[in-house]
Amino acid sequence: MPFQNVTFVAAENETAQRALKHLTHRYGAAPPDRADVIVALGGDGFMLENLHRQMERRLPIYGMNRGTVGFLMNKYAEDDLMERLNRAETVHLHPLAMTARTADGTIHEAMAINEVSLLRETRQAAKLRVRIDGRVRLEELICDGCLVATPAGSTAYNLSAHGPIVPMGAGVLALTPISAFRPRRWRGALLSHRATVSFEVLEDQKRPVLAVADFTEVRDVIRVDVREDRSIALDLLCDPEHNLEERILDEQFLP
């Protein structure tokens, strides 16, 4: 069914706000509760914020780059917006569900579209025990941290940590160490998207660790469980000639 009621959201930077003014003047804007599609103007961080806001209502989001990198965004253009929306291809994103227990026994839950990462809090390296589906795979990982990334997030922090780029639809998650000291030659693993990854923090008093699900931070964790939540599907709209699957594939062949 064609999109008819569009609402616009924009980042706070001047470029995004100027685009918001131009587009609402040209196309009008439906109230958010009556919209059937969202056009997000900004960068990747702003897109992530809006995807998180749609966890319950799950309106499709079409991004146009008015930020810095814009990997998740389409090219900005003011012409033929409704035509672009109605021929856009849909990419379904399934977020990660993080459950983190802190040293005082509190349980924290959060969702991540890109990655869940564990990071050392102090000068001391972290010591982690890593389980996959309840089975210990690494008895002791000494590192600055470790992360679990979705395919959509595999080109973000995961790539900076020298993790693999994961094609959309591959059905796998990336488990990537951050500056691993021991075991020195371990470079990470590719896991089924059905796997549950559990981290146990060793020597948590001496080597405190924080956990981050996209931009939700929990300090002093002692255990973190991560799994993909297939019950949630967020719809990201992409121009056919600039779709996310093709962009992720291209990233693997950059010089």
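Table for the structure above
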{"item": "Selection status of Val69, within 22 Å of Glu251 (Cα to Cα), under 17 Å from the mean Cα position of the chain (by Cα), of a type in the set (Val, Ile, Thr) and outside the structural domain of Val172 (by TED's automatic domain parsing)", "result": "yes"}
{"item": "Residue in segment 128-138 that is without any contact (Cβ under 8 Å) to a residue 24 or more places away in the chain, in a loop (DSSP other than H, G, I, E, B) and either of a type in the set (D, E, K, R) or out of contact with any Phe, Trp or Tyr (no Cβ under 8 Å at 6 or more places or on another chain) (or both) present", "result": "no"}
{"item": "Any hit, segment 236-249, residues being touching a helix residue (DSSP H, G or I) at 6+ places or on another chain (Cβ under 8 Å), in the same structural domain as Pro60 (by TED's automatic domain parsing) and in a loop (DSSP other than H, G, I, E, B)", "result": "yes"}
{"item": "Residue within segment 167-176 that is crowded, with 23+ Cβ neighbours inside 10 Å, touching a Lys or Arg at 6+ places or on another chain (Cβ under 9 Å) and not hydrophobic (A, V, I, L, M, F, W, C) present", "result": "yes"}
{"item": "Top-ranked residue in segment 91-114 [being modelled with pLDDT of 95 or more and β-branched (Val, Ile, Thr); ranked as farthest from the chain's Cα centre (by Cα)]", "result": "Thr106"}
{"item": "Boolean, Tyr62 is at pLDDT 95 or above and either of a type in the set (Lys, Arg) or in a loop (DSSP other than H, G, I, E, B) (or both)", "result": "no"}
{"item": "Test: residue in segment 38-55 that is out of contact with any Gly (no Cβ under 6 Å at 6 or more places or on another chain) and loosely packed, with under 14 Cβ neighbours inside 10 Å", "result": "yes"}
{"item": "Hits in segment 217-255 (condition: of a type in the set (D, E, K, R) and within 15 Å of Glu115 (Cβ to Cβ))", "result": "Glu217, Asp225, Arg227, Glu228, Asp229"}
{"item": "Of the criteria (1) assigned to a strand (DSSP E or B); (2) closer than 28 Å to Gly43 by Cβ; (3) of a type in the set (Asp, Glu), which one Glu200 fails", "result": "(2)"}
{"item": "Among (1) touching a helix residue (DSSP H, G or I) at 6+ places or on another chain (Cβ under 7 Å); (2) part of a helix (DSSP H, G or I); (3) among the hydrophobic types (A, V, I, L, M, F, W, C), the one test that Ile165 misses", "result": "(2)"}
{"item": "Any hit, segment 69-80, residues being within 22 Å of Pro240 (Cα to Cα), assigned to a helix (DSSP H, G or I) and at pLDDT 95 or above", "result": "no"}
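The values are calculated or read from the model by the stated rules, or taken from the named source; none is laboratory data. Just so it is clear, the model here is predicted, and its values are computed rather than measured. Ideal geometry is used to build each Cβ from the backbone, glycine not excepted, and the neighbour counts take in all protein chains shown.
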